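Some notes on the structure that comes next.
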Amino acid sequence: MVVSASERSAIRTVFNVGENEVKELMPGMGLIVKADGTILIEKLMEPGERRACSFERIYFSRGSDEKIYRERSALGYNLSAQVLEAIQNDLRNTIFSFIPNTAEVAFYGLWKGVDDYLKEIKIQRILSWGSDITEEKLTEMIDRKVRTEKIAIKDVKMRTFITEDVSRNEMVQHVYDITYGTVKKGEDTLVVIDDSIVRGTTLKQSIIRMLARLQPKKIIIVSSAPQIRYPDCYGIDMSKLGDFIAFRAAIALIRERNKEDFLGELLEKCKELQRTGLLHTENIVQQLYKQFTTDEISDKIAQLITPKEVTIPVQVIFQTIESLHRACPTNTGDWYFTGDYPTPGGNRVVNKAFMNYMEGRDVRGY
């Protein structure tokens with residue numbers, strides 16, 4: 001019997017086999033099954049540098065795979081320091097939650113990171129008391145916990161990221177509901193982790209509005225992925241730059257600072273590369289993002305995803321590229337975040353996507 005699947009966990013669940021019993025087909029290799037039942041794994045071409053997709057680990061893969069589970073948990077854990085800084089270490093007045101369903105594992109990692117911090121604080125405080133320890137003080141210290149709630153509830157089993165464009169905007173308004181009575185109005189900060197922020201549509205049209213109804217002091221949206229800035233051309237249908245909230249944030253900053261001429265210069269560079277047949281040699285769009293810091297783009301994203309009627313402060317925190325690589329060491333393909341494509345075709349696609357955007361063409365970059 002020969003079984004192949006895109007993910008290890010599917011085979012393990014159906015056939016009840018161990019992790020090491022499922023073999024990965026390595027780059028450049030082909031699985032060949034002949035009519036007489038002969039099974040071969042042969043090298044079909046010389047493999048290049050391994051740049052396996054990291055977005056697969058963050059979003060698409062089944063979280064039941066033990067490696068995926070550990071990596072998603074690490075993604076959340078790695079964000080704990082940034083989150084603690086954002087809330088000024090005020091755990092008494094902070095509630096942690098997640099946006100179901102794919103961010104749940106990263107949420108547990110974030111909770112563990114914050115809990116480890118709290119445990120260290122408890123130890124330091126208790127040691128500082130010396131002999132001045134009472135049962136009441138000790139009980140109060142031990143009872144301190146990271147406050148977690150299931151704030152957002154997904155009412156239907158739909159994934160808006162992969163829904164057709166024409167129906168996504170209408171659908172996202174009805175996908176989520178909230179748990180009332182969980183937040184101290186005007187006192188608690190809500191920290192809610194999502195697996196990634198691609199378009200920002202669901203956040204703006206549904207989630208931020210719903211969370212604001214609880215009247216927290218502040219809303220912090222945490223992304224277990226870095227800012228998605230560049231299109232994909234290797235299987236994920238993310239090819240239009242104008243769809244990305246990070247790109248729209250960069251464009252908004254350009255316009256605020258009266259640098260529209262810079263966009264025209266980038267467009268001319270793309271056209272010149274296209275005329276000379278060199279569109280694949282350089283990612284021109286990287287020059288756009290170099291005009292701003294990551295924090296500047298994050299702050300602008302927070303503004304763009306906040307509905308006009310919401311007056312509660314909204315902050316967005318993204319995973320860093322460095323912490324992404326620490327969490328997912330075997331999947332170093334990060335072109336959606338860095339623009340560092342593994343093949344020349346990626347540069348061609350991003351440059352065409354930029355030209356499409358600048359010239360008002362709502363078509364894919366490939």
Query - Condition check for Ala35: aliphatic (A, V, I, L, M), on the phi < 0 side of the Ramachandran plot and part of a loop (DSSP other than H, G, I, E, B) - result: yes
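Specify which of the listed residues (Arg248, Arg229) is at pLDDT 95 or above, surrounded by fewer than 21 Cβ atoms within 10 Å (Cβ to Cβ) and not in a strand (DSSP E or B). It would help to see each step written out before you state the result.
Values: Arg229 fails: surrounded by fewer than 21 Cβ atoms within 10 Å (Cβ to Cβ).
Residue meeting the stated conditions: Arg248.
If you go through segment 5-30, how many residues are of a type in the set (S, T, N, Q) and surrounded by fewer than 11 Cβ atoms within 10 Å (Cβ to Cβ)? Write out each step before concluding.
We begin by selecting, within segment 5-30, every residue of a type in the set (S, T, N, Q); these are 6, 9, 13, 16, 20.
The next check asks that each one be surrounded by fewer than 11 Cβ atoms within 10 Å (Cβ to Cβ); those that pass are 6, 16, 20.
Selection size over segment 5-30: 3.
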Report task. Look at segment 304-326 and say how many of its residues are within 10 Å of Ser54 (Cα to Cα) and either among the hydroxyl-bearing types (Ser, Thr, Tyr) or crowded, with 17+ Cβ neighbours inside 10 Å (or both). Result -> 1
Query raised in the report: Taking interchain pairs and intrachain pairs at least six residues apart, which have beta carbon atoms under 7 angstrom, with the first residue in segment 344-366 and more than 12 Å from Ile284 (Cβ to Cβ) and the second among the aliphatic types (A, V, I, L, M) and outside any helix (DSSP H, G or I)?
Result: Asn356/Val363
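Among the listed residues Gln227, Gln287, Gln291, Gln274, identify the single one that is assigned by TED's automatic domain parsing to the domain that holds Asp194, free of Cβ contacts under 8 Å to residues at least 24 places away in the same chain and in contact with a helix residue (DSSP H, G or I) (Cβ under 8 Å, 6 or more places away or on another chain). Break it down into steps so the answer makes sense when it comes.
On the way: Gln227 fails: free of Cβ contacts under 8 Å to residues at least 24 places away in the same chain; Gln291 fails: free of Cβ contacts under 8 Å to residues at least 24 places away in the same chain; Gln274 fails: free of Cβ contacts under 8 Å to residues at least 24 places away in the same chain.
Residue meeting the stated conditions: Gln287.
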Query raised in the report: Counting just the residues of segment 65-104 that are among the β-branched types (Val, Ile, Thr) and at pLDDT below 95, which one comes out nearest to Ile178 (Cα to Cα)?
Result: Ile99
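Answer yes or no: is there a residue in segment 35-42 that is in contact with a strand residue (DSSP E or B) (Cβ under 7 Å, 6 or more places away or on another chain), touching a residue at least 12 places away in the same chain (Cβ under 8 Å) and either within 29 Å of Gln215 (Cβ to Cβ) or surrounded by 11 or more Cβ atoms within 10 Å (Cβ to Cβ) (or both). Explain how you work it out, then say what you get.
Quick first cut of segment 35-42, residues in contact with a strand residue (DSSP E or B) (Cβ under 7 Å, 6 or more places away or on another chain) only: 39-42.
Okay, now just the ones that are also touching a residue at least 12 places away in the same chain (Cβ under 8 Å), so 39, 41-42.
Those left that are additionally either within 29 Å of Gln215 (Cβ to Cβ) or surrounded by 11 or more Cβ atoms within 10 Å (Cβ to Cβ) (or both): 41.
Yes.
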Report task. Please enumerate the residues belonging to segment 186-224 that are basic (Lys, Arg), closer than 30 Å to Phe60 by Cβ and touching a residue at least 60 places away in the same chain (Cβ under 8 Å). Result -> Lys204, Arg209
Query raised in the report: Which one of the conditions (1) crowded, with 21+ Cβ neighbours inside 10 Å; (2) within 20 Å of Arg257 (Cα to Cα); (3) more than 15 Å from the chain's Cα centre (by Cα) does Gln286 fail to meet, given that it meets all the rest?
Result: (1)
Requested in this report: Only residues that are part of a helix (DSSP H, G or I), hydroxyl-bearing (Ser, Thr, Tyr) and in contact with a Leu (Cβ under 9 Å, 6 or more places away or on another chain): list them for segment 74-133, please.
Outcome: Tyr77, Ser80, Tyr117
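Step by step: first the residues of segment 48-67, then only those that are among the acidic types (Asp, Glu) and either part of a loop (DSSP other than H, G, I, E, B) or without any contact (Cβ under 8 Å) to a residue 24 or more places away in the chain (or both), then the one that is farthest from Thr13 (Cα to Cα). Which residue is that? Spell out how you get there, then give the answer.
In the first step, residues of segment 48-67 are kept if they are among the acidic types (Asp, Glu); the result is 49, 56, 65-66.
Next, from what is left, pick out any that are either part of a loop (DSSP other than H, G, I, E, B) or without any contact (Cβ under 8 Å) to a residue 24 or more places away in the chain (or both): 49, 65.
On the way: Glu49: 31, Asp65: 10 Å.
Residue satisfying both the conditions and the ranking: Glu49.
The values are calculated or read from the model by the stated rules, or taken from the named source; none is laboratory data. Note that the structure is predicted; figures quoted are calculated from it, not measured. All Cβ positions, even for glycine, are placed from backbone atoms using ideal geometry, and neighbour counts span all protein chains on display.
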